[in-house]
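Below is one structure, written out as structure tokens; comments come after it.
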Amino acid sequence: MSREFLSSIKVEDVAVKGREVVIVDAADSIPQILNTLVKNNILCAPVYDKNSDKFIGLVDMLDLVTFIVETVDCVESLSSDYSKFLEKDDLFKRNSAKDIADLSKRNRMVPVPLGASLLEAMETMTRNSVQRIPIMEVNQKGDFVKIHSILTESNVLSFLAKSAPKLDSWFNKPLKELGFHTKKVISIDVNRPAIEAFRLMVKFRVSGIPILDSEGKVLANISARDLRAIANDQKMFHYLFLDVGDLVTHIRLSEPTAKTVHPSISCSFDDSLSKVIAKLSAAHIHRIYVTENRLPCSVVSLHDIVTKIVNFDN
């Protein structure tokens with residue numbers, strides 16, 4: 001894998017083309033933000049402040065999960081009847097995009113200029129610990145003025161998967177030879193309330209965790225993006241207080257292409273990096289669990305892979 005190859009690719013050629021960037025206004029309420037993300041089937045949007053005539057940050061599903069968890073935890077009268085919480089709709093409407101942008105502390109807006117290389121973008125992601133970066137047009141003064149598109153780590157992995165023939169043998173080495181090791185995997189038991197899964201995401205600043213059965217084996221995955229399914233209908237919020245397994249089953253079976261609920265995709269330390277990249281890209285997922293007899297012993301995220309590539313080339 002040469003730096004020359006990554007440096008030769010313009011970042012805008014890797015980002016999704018032909019799709020207008022969806023923007024939320026800084027004054028938009030929580031319900032408006034959720035509706036925008038759900039309607040456009042996206043996980044994140046830039047926040048534009050009309051008063052300052054500037055983009056002030058990004059808001060994503062993990063920010064919304066953080067807000068909901070913090071709100072739920074501060075409502076003293078909350079019980080398993082989620083309708084009591086929904087009656088307090090002012091808790092949603094009095095908070096805006098400006099209030100929750102990067103509430104999760106994982107979503108800073110760190111742009112790169114139009115025409116930058118893919119390598120520069122990956123280095124920016126790694127250096128700032130962000131999963132996506134705006135690609136922006138720059139004026140003659142060197143100021144960022146307009147968002148052209150947004151590059152995500154999923155875009156990067158998809159590009160690498162398609163470029164496999166052009167990548168060197170380093171990508172064919174097994175994970176264990178590339179320095180991926182056993183590490184603690186934040187997880188939740190299938191019978192625990194779903195709200196606890198989202199609490200764990202907020203506490204450990206992760207966007208998804210595995211759901212385990214009574215033997216500690218991986219059954220499925222729950223992530224911040226699953227909040228979109230709940231957001232479609234306020235009546236679905238009661239699922240937050242049901243078992244996490246029931247919530248995920250309901251969400252997966254409600255998806256248009258779903259016929260059954262498949263277990264989370266996994267790999268082993270003996271699998272090559274190229275194979276793992278192919279799995280992540282094909283399944284459109286953000287993390288893969290390393291398992292031994294279906295027991296999770298590590299997790300490899302898109303960010304882990306981008307960081308490994310950048311650091312290796314350095």
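Condition first: modelled with pLDDT under 95, within 21 Å of R199 (Cα to Cα), of a type in the set (D, E) and not in a helix (DSSP H, G or I). Can you find one or more residues in the range 67-79 that meet it? Looking for residues that are modelled with pLDDT under 95, within 21 Å of R199 (Cα to Cα), of a type in the set (D, E) and not in a helix (DSSP H, G or I), one finds at least one in the range 67-79, hence yes.
Which of the following residues is surrounded by 17 or more Cβ atoms within 10 Å (Cβ to Cβ) and modelled with pLDDT under 95: S301, S281? If you could, list the steps in order and put the result at the bottom.
Values: S301 fails: modelled with pLDDT under 95.
Matching residue, one of S301, S281: S281.
Regarding N232, is this residue surrounded by fewer than 21 Cβ atoms within 10 Å (Cβ to Cβ), in contact with a helix residue (DSSP H, G or I) (Cβ under 9 Å, 6 or more places away or on another chain), over 30 Å from K162 (Cα atoms) and modelled with pLDDT of 90 or more? Here the answer is no, as N232 does not meet what is asked.
When K50 is tested against (1) over 20 Å from D226 (Cα atoms); (2) open to solvent by less than 40 Å² (accessible area, probe 1.4 Å), exactly one condition is not met: (2).
Please go through the range 1-54 and give me each residue that is basic (K, R), closer than 25 Å to P165 by Cβ and not in a helix (DSSP H, G or I), ordered by number. Correct list: K10, K17.
Determine if the range 99-107 includes at least one residue that is assigned to a helix (DSSP H, G or I), more than 19 Å from L6 (Cα to Cα), over 15 Å from the mean Cα position of the chain (by Cα) and not β-branched (V, I, T). There is at least one residue in the range 99-107 that is assigned to a helix (DSSP H, G or I), more than 19 Å from L6 (Cα to Cα), over 15 Å from the mean Cα position of the chain (by Cα) and not β-branched (V, I, T).
The values are calculated or read from the model by the stated rules, or taken from the named source; none is laboratory data. All values derive from a computational prediction rather than experimental measurement. Quick reminder, even Gly has a Cβ in these numbers, built from the backbone with ideal geometry, and neighbours come from all protein chains shown. For accessibility, only protein heavy atoms count, side chains too; no ligands or nucleic acids. Shrake-Rupley method; radii C 1.70, N 1.55, O 1.52, S 1.80 Å.
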